[in-house]
1. Restricting attention to the range 9-23, and to residues there that are in contact (Cβ under 8 Å) with a residue 40 or more places away in the chain and of a type in the set (Phe, Trp, Tyr), which single residue is most open to solvent (accessible area, probe 1.4 Å)?
2. Write out, first by first residue and then by second, each pair whose Cβ atoms fall under 7 Å of each other, whose residues are 6+ apart or on separate chains, and whose first residue, in the range 34-49, is aliphatic (A, V, I, L, M) while the second is exposed (fewer than 15 other Cβ atoms within 10 Å of the Cβ).
3. Out of the range 102-139, which residues are of a type in the set (Asp, Glu) and open to solvent by 40 Å² or more (accessible area, probe 1.4 Å)?
4. Answer yes if at least one residue in the range 209-232 is modelled with pLDDT of 95 or more, part of a loop (DSSP other than H, G, I, E, B), in contact with a Leu (Cβ under 9 Å, 6 or more places away or on another chain) and closer than 28 Å to Gly69 by Cα, and no otherwise.
5. Restricting attention to the range 185-200, and to residues there that are open to solvent by less than 50 Å² (accessible area, probe 1.4 Å), at pLDDT 95 or above and in a loop (DSSP other than H, G, I, E, B), which single residue is nearest to Ala167 (Cα to Cα)?
6. Name, by its number, the condition in (1) over 28 Å from Ala167 (Cβ atoms); (2) within 15 Å of the chain's Cα centre (by Cα) that does not hold for Leu93.
7. Among (1) part of a strand (DSSP E or B); (2) β-branched (Val, Ile, Thr); (3) without any contact (Cβ under 8 Å) to a residue 40 or more places away in the chain, where does Thr173 come up short?
Amino acid sequence: MQLAHVQWESFIDFPGRVAAVVWTVGCNLRCPFCYNGELVLPRLAKALPEISPERILAQLKERAGFLDGFAITGGEPTLHQDLADFLAEVKGLGLAVKLDTNGTNPDVLAGLLERGLVDYVALDVKAPFPRYPEFTGVDRDVTGAVQESIALLRERAPDYELRTTAAPGLAETDIEVIAQAVRGVKRYVLQPFFVPQGKELIDPSWAARPHLDEETLRSLARRLSALVPCQVRA
């Protein structure tokens, strides 16, 4: 497993918990609005320093009295064959585990849920399913896998959320379509789009495109709550 970044203390990445966060390298999507190009594009990933899983586990053990959670994000963590073994080690330290995923590997997700290795899953729904190629940057159809993962969460996950970043080009009607498609889920979170200072999008031209602001998203979330529990996380 290739790990590139770590944040030893976060109060926002794992709802209700103080968590360490690690970022895995590698992704099977190429979302043009993504600002973590160094985790996604192989040519940029080569320059990243590698952080060994053993170092992470050792540091987590030292912080176990303060932390009560661990979040793993990316990139796409489910691409790594040793993910389950790593999370089993984390769980062995008494920490709750949150997984961030794009939902394209339902078999891996099912295995993690079956072994009780994740306590909370955040699954990104990138766009209305018919528009996935545009917003994921890949031609192959991944929507069936994503929908299978959503069904797994509804049936087996201890806790979870679906979330959509209001990427440039997504209109209110698009997010309404998503909400209709995921009716019955436990929680749907909207996130405003932004580009952190010093970061560049995978497709830089998307940065200049109009996008829904936070105020609009909050109004939209109130309306969508009639369909699905919905909130904005800024």
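1. Ranking the candidates gives Trp23 first.
2. Val40/Arg30
3. Asp107, Glu114, Asp119, Glu134, Asp139
4. yes
5. Going through the qualifying residues, I end up with Phe193.
6. (2)
7. Of (1) part of a strand (DSSP E or B); (2) β-branched (Val, Ile, Thr); (3) without any contact (Cβ under 8 Å) to a residue 40 or more places away in the chain, only one is false for Thr173: (1).
The values are calculated or read from the model by the stated rules, or taken from the named source; none is laboratory data. Worth saying up front: this structure is predicted, and the values here are computed from it rather than measured. Counting neighbours? That spans all protein chains shown, and the Cβs are built from the backbone with ideal geometry, glycine included. Just the protein is used for accessible areas: all its heavy atoms, side chains included, with ligands, DNA and RNA removed. Shrake-Rupley method; radii C 1.70, N 1.55, O 1.52, S 1.80 Å.
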